[in-house]
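The values are calculated or read from the model by the stated rules, or taken from the named source; none is laboratory data. Nothing here was measured: the structure is a model prediction, and the numbers come from that model. Every residue, glycine as well, gets a Cβ built from its backbone with ideal geometry; the counts of neighbours run over all protein chains shown. Protein only, heavy atoms only, side chains kept; ligands, DNA and RNA dropped before computing areas. Shrake-Rupley method; radii C 1.70, N 1.55, O 1.52, S 1.80 Å.
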Amino acid sequence: MVRIRKEVRLANEELAQVKKEREDFDTQLEGFNKKINETVRTVADLAFDGQVTAKIMAAANRWNDERNTEATRNRVNFLKQIKKSSLTGRALNDELIKRLSRFRKYDPNEFTNMFVCIAQNFLTVFSGTLGSGKTSMCNLIAVNLGLNSIAKEQEVPALWNEQRELANRYVPVSVEKGWTSKRDLIGYYNPLTRRFESQDLHRIECFRQLDAECGVGFQELPYFILLDEANLSPMEYYFADFMNICDVRDSFSYISLGNNMSFKIPDTLRFLATINNDHTTENLSPRLIDRAWIITLPDTDSVTEHSSSEMSEATDFEPINWQNFLATFGKTSSVNLSGSVTELLQTAKSMFNNLGVQVSPRTQFSMANFIQTSSALMKSGDGQSSELLSLDYAIAQKLLPTINGVGEGYKEQLNELQYWLSDTKLTKSAGILEQIISQGESRMDYFGYF
């Protein structure tokens, strides 16, 4: 009995100790909960303090910007190291023609013409009938220049956060109806989130990358942006900022995107655009035509769709060296055209003046540079010298797009121009003008290139 009482006493003592520990634990828990609630109230108060919130968000954005800057710098260092094609001059021209001829059965001069237009102009517009392959032609040019081969490099996933496609230097953009500013094309700075928002991450990453490359003088790789169906909205609206830098890209060339965010635009950036000519699209303005070259794709029986394996094989090409590309197809330091071609240029200018077209000094300079460069690369034939052939392309792509008029008197001026083109053996331009006149006669004497 004594033993049992002793055990009961010990059990009661243990129970009392447990109760005391439980009371101590409850007291501590209550203290912790009180501190948590006080902290929550403090944080809530701070969250609704505008100055504190602004500082927190600013610090977060600075951290994010520093991280992006470091990542972009690492990417530039990587791009400096990758192997690029060493081809230049006629060897480069012949190699690119060979690559593209697998996909399009065009005259080799057509490809050379495209290369010269792209090298010498910030904006190159591809026109043609529906289904003529304008978009796929732009895609083929980018692929065969090696712009989509960079994503295959082993180092890319780590440098571009597992998003390989962002490493490629070709950005197709589908233009939509109703675009009115660069906000629609690139994106905009959101003052509420304090972040830049874009429909396509590749677009803003393109400009971040180019800005970083401009800062260190890296100009070995081009960057192409395709404006597909570009005239669904007036290009004057959403492309306005870029039209101001069409002539020269230097240290003063940049675009502003709000909140002191601006990006330098180097000479490695080129825009390609495809347009259609029907009632759903907008006309190109004279101001834009003055700054761009309009390439009309040649008629072909069919445009062949190529398998993914063929296109994948094309992405194995080494990217071209942009400086070699410019040295081959770009503008020359001095223009020395023959006297006969110079005289023909003046005659063409005079005849277009009679049509009410003022041929600007910009257009004259651009045409002269095109003829100087392309005549050294194009293959002459059909009674045309290479210089005359180049003049033919220049008139077709720079002057004929300015045709826009009505009436019998305008038609007579066009017929005179048609006779002169044919007599001078400018066959490409003569053929295009013949179509313009024929279509105009069926449209109550309204004559227009588009």
Seminar exercise, completed: Restricting segment 74-89 to residues that are under 29 Å from Glu155 (Cβ atoms) and in a helix (DSSP H, G or I), the one most open to solvent (accessible area, probe 1.4 Å) turns out to be Gln81
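Please report, ordered by residue number, the helices (runs of 4 or more DSSP H) entirely within segment 251-353 with at least 3 residues that are at pLDDT 90 or above, open to solvent by less than 50 Å² (accessible area, probe 1.4 Å) and hydrophobic (A, V, I, L, M, F, W, C). I'd like the intermediate steps shown before the answer.
On the way: elements: 286-291, 308-314, 322-329.
Here the list reads 322-329.
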For this session: Working only within segment 354-379, note down all residues that are within 30 Å of Gly448 (Cα to Cα) and either touching a strand residue (DSSP E or B) at 6+ places or on another chain (Cβ under 9 Å) or surrounded by fewer than 17 Cβ atoms within 10 Å (Cβ to Cβ) (or both).
Result: Asn354, Leu355, Gly356, Val357, Gln358, Ser360, Pro361, Arg362, Gln364, Phe365, Ser366, Phe370
For this session: Provide a single number: the residues in segment 380-392 that are open to solvent by 10 Å² or more (accessible area, probe 1.4 Å) and under 25 Å from Arg287 (Cβ atoms).
Result: 0
For this session: Please identify the pairs in which a residue from segment 136-155 that is under 14 Å from Asn321 (Cα atoms) has its Cβ atom under 6 Å from the Cβ atom of a residue that is at pLDDT 90 or above and charged (D, E, K, R), counting only partners at least 6 apart or on another chain.
Result: Asn144/Arg99; Leu147/Arg169
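Any residue at all in segment 364-372 that's in contact with a Phe, Trp or Tyr (Cβ under 9 Å, 6 or more places away or on another chain) and polar (S, T, N, Q)?
Taking every residue of segment 364-372 in turn, at least one turns out to be in contact with a Phe, Trp or Tyr (Cβ under 9 Å, 6 or more places away or on another chain) and polar (S, T, N, Q).
Please indicate, with yes or no, whether at least one residue in segment 215-226 is under 28 Å from His279 (Cα atoms), surrounded by 15 or more Cβ atoms within 10 Å (Cβ to Cβ) and not hydroxyl-bearing (Ser, Thr, Tyr). Please lay out each step first, then the result.
First, the residues of segment 215-226 that are under 28 Å from His279 (Cα atoms): 225-226.
Narrowing further to those that are surrounded by 15 or more Cβ atoms within 10 Å (Cβ to Cβ): 225-226.
Subsequent filtering for residues that are not hydroxyl-bearing (Ser, Thr, Tyr) retains 225-226.
Within segment 215-226, one or more residues are under 28 Å from His279 (Cα atoms), surrounded by 15 or more Cβ atoms within 10 Å (Cβ to Cβ) and not hydroxyl-bearing (Ser, Thr, Tyr).
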Exercise. Which of the residues spanning segment 169-196 are under 27 Å from Pro222 (Cβ atoms), charged (D, E, K, R) and modelled with pLDDT under 80?
Worked result: none
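Is it fair to say Arg194 is farther than 21 Å from Ala142 by Cβ, touching a residue at least 60 places away in the same chain (Cβ under 8 Å), open to solvent by 60 Å² or more (accessible area, probe 1.4 Å) and of a type outside the set (A, V, I, L, M)?
yes
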For this session: Please work out if Arg164 is open to solvent by less than 20 Å² (accessible area, probe 1.4 Å), basic (Lys, Arg) and in contact with a helix residue (DSSP H, G or I) (Cβ under 7 Å, 6 or more places away or on another chain).
Result: no
Problem set entry | Any chance Lys425 is part of a loop (DSSP other than H, G, I, E, B) and under 20 Å from Arg90 (Cα atoms) | no
Exercise. Filtering segment 98-134 down to residues that are β-branched (Val, Ile, Thr) and modelled with pLDDT of 95 or more, which residue is nearest to Leu232 (Cα to Cα)?
Worked result: Val125
Problem set entry | Residue in segment 401-430 that is surrounded by the most Cβ atoms within 10 Å (Cβ to Cβ), counting only those that are of a type in the set (Gly, Ala, Ser) and touching a residue at least 24 places away in the same chain (Cβ under 8 Å) | Ser429
Seminar exercise, completed: From the option list Leu159, Leu140, single residue qualifying as open to solvent by less than 70 Å² (accessible area, probe 1.4 Å) and over 19 Å from Ala273 (Cβ atoms) is Leu159
